[in-house]
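Everything on this sheet refers to the single structure shown next.
The values are calculated or read from the model by the stated rules, or taken from the named source; none is laboratory data. Values in this document were obtained by computation on a predicted structure and should not be read as measured data. When we count neighbours, we look across all protein chains shown, and the Cβ atoms used for this are built from the backbone with ideal geometry, even at glycine.
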Amino acid sequence: MKYEPVIGLEVHVQMDTQSKIFCGCSNKFGSEPNTNVCPVCLGMPGVLPVLNEKVVDFTVKAGLALNCEIRERSVFARKNYFYPDLPKAYQISQYELPICENGYIDIELEDGTSKRIGITRIHIEEDAGKLMHSADSSGADLNRTGTPLMEIVSEPDIRSAEEAKAYVQKLRTILKYAEVSDCNMEEGSMRCDVNLSLRENSDAPFGTRAEIKNVNSFKSVERAAKYEEKRQAKILNDGGKVVQETRLFNADTGVTTSMRGKEDAHDYRYFPDPDLVPLVITKEYINDINEKLPELPDARKKRFIDEYSLPAYDAAFLTSEKTYADFFEKALKTHNNPKGVSNLIMSELMRQVNDKQCEINDAGCSAENLAEIVKLIDKGTISGNISKKLFEEVIATGEKPSVIVEKKGMAQNSDEGELESIVQKVIDANPDETERFRAGDKKLQGFFMGQIMRESKGKANPGVVSQLLNKLIK
Amino acid sequence: MRDLKKEDRLVSETISINDVHHIATLARLKFEETEAEKIKDDLNSILGYMEKLNELDTTNVKPTSHTLDIFTVTRPDETRPSLSNEEALANAPQAENAHFKVPKVIE
């Protein structure tokens, strides 16, 4: 029997602040263990947490970017549980009154249509520490304790593993545009929990769900959802019942396993944190942040199509990362040929980005240099053929394209007089082919072009050569 | 405070002995059966007073999570010096490789 999966995602995003959420310890990733800690984040008695104002800015910014309503009064709550990565034995979070609610994002599906996924809420909380496990004990590093997090909870609107992946990707793109997090999944600054249940058809009530934790890449979101879908379908087809539980995804094996001993985990006994006073946000403050919000990916994509006449594919690709879109528009300031610049970014520059696994701005070719290469092609100074070689030289030396063209003699030869003598030389050297070409064998055009290009060391302007060839062989 | 006679006391019947054991587990506490019985009675007696308070009509009263009339206390996003690793671990019963050493938590 076939079932329809119903998926909702909880995504935790670490905010890119200097200091932690409730104390002045550094929020830097990768420090020596237990060196970014103080009495507040270690949970010593008698300390008072004070909220980082940037955390409010970032969460409101993210909320607006995700089309949420911003609650004017929100409250912090204590979520109580015992675990060695949580020194206070409670996590400061938000429960009944989260800061953002009722948002949505639109994701693109493979058939080209778009689908709206609701966002139930975004709340602020503190991250827990990290545990290292050895044979007979565990070690706690509390540097991460108190890292500001926003938890973004989706509505159960997602209906396939592919949609789940597309949702997380879109979320990441938007949050990176809003500049609230680096959303680096490898370093754990964006982490997902997948809630999945099955039902017989789209009119049936929701089934019992399992919550899958530790899903930490786009690929894993898709794989974990697919595995869980199969696992639950088998249980139901065998006449069994799905148990509501927390499961752990293993990225090496692609399998989810039950986290035993977590049956009490959901009895968190939330209550308002008496240490933290309510957070009240004014309309002026929200408007102020809204005005400063950068252009978001959907709007930018539309503008790229309207303003630069780019194909939808190019516009979607270039706006998929804010850095790509910024690079593209910077290049246009040097040379305004949107499609030419887009082509060179998507082909040669992306090859570099993929080979080096780097950011677009670290690939070795500045926006100005890339635009200059396109300009040199458009002006006819270099041939399209030689532009690849020129691009490689720019990457290798970092020099300006025009300087390299001069130094390496890459300029295309458009001098009719000079080219005519080369064309004539090739004609004289190939009397048979010339005869057949004259008689109408048009296939030989390629042969002649090849010979002439070789004779000119690849520098002949093909347009000029083609005209000369037809003139001289008439 | 004057002693209430037993029959005057407001005693709830909300908490069962199982609830006591459940709450004890969540709080990492352990009680003998006789202790648990006593705690059950104590808790029900406290809840009894709460039920009395619930008789008040509070429809138009906002929930009070904080008694002070202040809100939105924040600080600028600036770092301040942290403790050294030695200081951080100074009170730990056990430490190893710059970490707090705790009983193994994952099988």
Looking at the stretch A:386-403, is at least one residue under 13 Å from A:P462 (Cα atoms), outside the structural domain of A:Q451 (by TED's automatic domain parsing) and in contact with a Gly (Cβ under 8 Å, 6 or more places away or on another chain)? yes
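Which members of the stretch A:430-446 meet the condition of being surrounded by fewer than 17 Cβ atoms within 10 Å (Cβ to Cβ) and in contact with a helix residue (DSSP H, G or I) (Cβ under 8 Å, 6 or more places away or on another chain)?
The first filter runs over the stretch A:430-446 and keeps only residues surrounded by fewer than 17 Cβ atoms within 10 Å (Cβ to Cβ), leaving A:430-432, A:435-436, A:438-443, A:445-446.
Hits for the stretch A:430-446 are A:N430, A:R436, A:R438, A:Q445.
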Look through the stretch B:69-107, keep the residues that are more than 7 Å from chain A (Cβ to nearest Cβ) and at pLDDT below 90, and return whichever of them is farthest from A:E32 (Cα to Cα). B:D69
Taking the stretch A:1-24 and keeping only residues that are part of a loop (DSSP other than H, G, I, E, B), more than 9 Å from every other protein chain (Cβ to nearest Cβ), within 25 Å of A:L171 (Cβ to Cβ) and of a type outside the set (D, E), one is left with A:M15, A:I21
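Answer with yes or no whether A:K28 is within 11 Å of another protein chain (Cβ to nearest Cβ), basic (K, R) and either surrounded by fewer than 21 Cβ atoms within 10 Å (Cβ to Cβ) or farther than 17 Å from A:L279 by Cα (or both).
yes
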If we ask which residues in the stretch A:227-251 are touching a residue at least 12 places away in the same chain (Cβ under 8 Å), among the small types (G, A, S) and not in a helix (DSSP H, G or I), their number turns out to be 1
Residues that are touching a Ser or Thr at 6+ places or on another chain (Cβ under 7 Å) and more than 14 Å from chain B (Cβ to nearest Cβ): which strands (runs of 3 or more DSSP E) entirely in the stretch A:49-167 hold 1 or more of them? A:100-108, A:114-126, A:148-154
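Among A:V56, A:V40, A:V50, A:V13, which is among the β-branched types (V, I, T) and crowded, with 23+ Cβ neighbours inside 10 Å? Full working, then the answer.
Values: A:V56 fails: crowded, with 23+ Cβ neighbours inside 10 Å; A:V40 fails: crowded, with 23+ Cβ neighbours inside 10 Å; A:V50 fails: crowded, with 23+ Cβ neighbours inside 10 Å.
The conditions single out A:V13.
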Consider the stretch A:265-310. How many of its residues are assigned to a loop (DSSP other than H, G, I, E, B), among the hydrophobic types (A, V, I, L, M, F, W, C) and under 19 Å from A:E179 (Cβ atoms)? 2
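Here's the yes/no breakdown for (1) of a type in the set (K, R); (2) closer than 24 Å to A:K170 by Cα; (3) in contact (Cβ under 8 Å) with a residue 12 or more places away in the chain:
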| site | (1), (2), (3) |
| --- | --- |
| A:F328 | no, yes, yes |
| A:N336 | no, no, no |
| A:S342 | no, yes, yes |
| A:S347 | no, yes, no |
| A:K389 | yes, no, yes |
| A:E399 | no, no, no |
| A:K408 | yes, no, yes |
| A:E420 | no, no, yes |
